[in-house]
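The structure appears right after this line, and notes come after that.
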Amino acid sequence: KAGVTQTPRYLIKTRGQQVTLSCSPISGHRSVSWYQQTPGQGLQFLFEYFSETQRNKGNFPGRFSGRQFSNSRSEMNVSTLELGDSALYLCASSSAGYQETQYFGPGTRLLVL
Amino acid sequence: DQQVKQNSPSLSVQEGRISILNCDYTNSMFDYFLWYKKYPAEGPTFLISISSIKDKNEDGRFTVFLNKSAKHLSLHIVPSQPGDSAVYFCAALRSQGNLIFGKGTKLSVKP
């Protein structure tokens with residue numbers, strides 16, 4: 001099976017712009033979670049989607065949003081980018097059963113100038 | 001409020017010896033724990049997990065121990081190899097919840 005894929009791998013934006021990141025889960029996985037990794041804060045949970053519905057949400061401002069499509073692919077959008085949004089954005093998928101392991105993609109490195 | 005803590009930011013071990021990475025948690029509702037390994041510029045790779053109904057799980061060179069009364073888990077790598085050098089993240093999960101990660105421990109295995 002192919003792993004979790006994320007596009008693009010690298011992105012440079014300027015403050016005030018918006019960005020959309022994409023994630024394709026492992027085939028058969030219905031749950032997709034998004035995480036932000038920064039040197040100071042580690043890995044922080046953004047949100048989780050299951051069957052096109054947001055099932056869980058972390059403590060991030062409303063500028064961060066996401067969605068999931070019927071084929072389980074997910075997108076994450078950040079509007080009005082700030083310098084502090086520079087981070088590695090990681091997507092993880094699981095089959096969404098009880099105590100299922102999440103498998104991560106390689107991440108999208110976002111740099112906001 | 002950090003619910004999952006990895007108090008050692010780094011650990012250096014000689015090749016062939018045992019590496020012990022530690023993790024503490026505060027939320028007694030966590031019932032599933034995982035360890036991930038991460039290389040720079042890559043996503044975390046799942047290593048091993050343990051359910052709260054167990055106190056030990058072993059997979060090859062990797063063993064995870066869970067002490068629920070102490071809210072403590074540890075990952076043992078025996079024998080350590082230079083390729084094990086990476087950042088190791090401990091993560092905890094509760095039913096209907098999301099993964100909560102520690103801040104990681106950077107392991108260096110020296111030849």
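The values are calculated or read from the model by the stated rules, or taken from the named source; none is laboratory data. What you see is a predicted model, and the numbers here were worked out from it, not measured in a lab. When we count neighbours, we look across all protein chains shown, and the Cβ atoms used for this are built from the backbone with ideal geometry, even at glycine. Please note that ligands, DNA and RNA were not included when accessible areas were found on the heavy atoms of the full protein model with its side chains. Shrake-Rupley method; radii C 1.70, N 1.55, O 1.52, S 1.80 Å.
Quick notes on this one:
- Pairs of alpha carbons in region A:1-64 whose separation is greater than 19 Å (percent): 43
- Take every Cα pair under 8 Å whose residues are at least 6 apart in sequence, average their separation, divide by the length of region B:46-87, and the relative contact order is 27 percent.
- Look at the stretch B:45-56: the mean tally of other chain Cβ atoms within 10 Å of its residues' Cβ atoms is 1.
- Counting protein heavy atoms only, the protein assembly as shown has 48 percent of its accessible area on carbon and sulfur, 1.4 angstrom probe.
- Estimated buried accessible area (total), pair B and A, 1.4 Å, Å² to nearest 100: 1700
- Per residue solvent-accessible surface (Å²) - the protein assembly as shown, probe of 1.4 Å: 48
- Each part reduced to its alpha carbon centroid, region B:47-111 and region A:1-29 end up 27 Å apart.
- Lys pairs, region B:21-111 - Cα-Cα below 26 angstrom, 8 or more residues apart or on other chains: 25
- A 1.4 Å probe, protein heavy atoms only, puts the accessible area of residue A:46 near 0 Å².
- A 1.4 Å probe, protein heavy atoms only, puts the accessible area of residue B:54 near 110 Å².
- Cα-based shape type of chain A, given that a ≥ b ≥ c are square roots of the gyration tensor eigenvalues and the cut on a/c is 1.5: prolate
- Residue A:109 contributes about 100 Å² of solvent-accessible surface, heavy atoms of the protein only, 1.4 Å probe.
- Counts of other chain beta carbons within 10 angstrom of each beta carbon in peptide B:98-108 average 4.
- Positive dipole terminus of chain B, leading residue within B:12, B:99, B:28 (C-beta point charges): B:12
- Hydrodynamic radius (Kirkwood) for the protein assembly as shown, which is based on Cα pairs only, to one decimal in Å: 18.0
- Sorted into 5 angstrom bins from 0, the C-alpha pair distances of chain B split as 2, 13, 24, 25, 20, 10, 4, 1, 0 percent.
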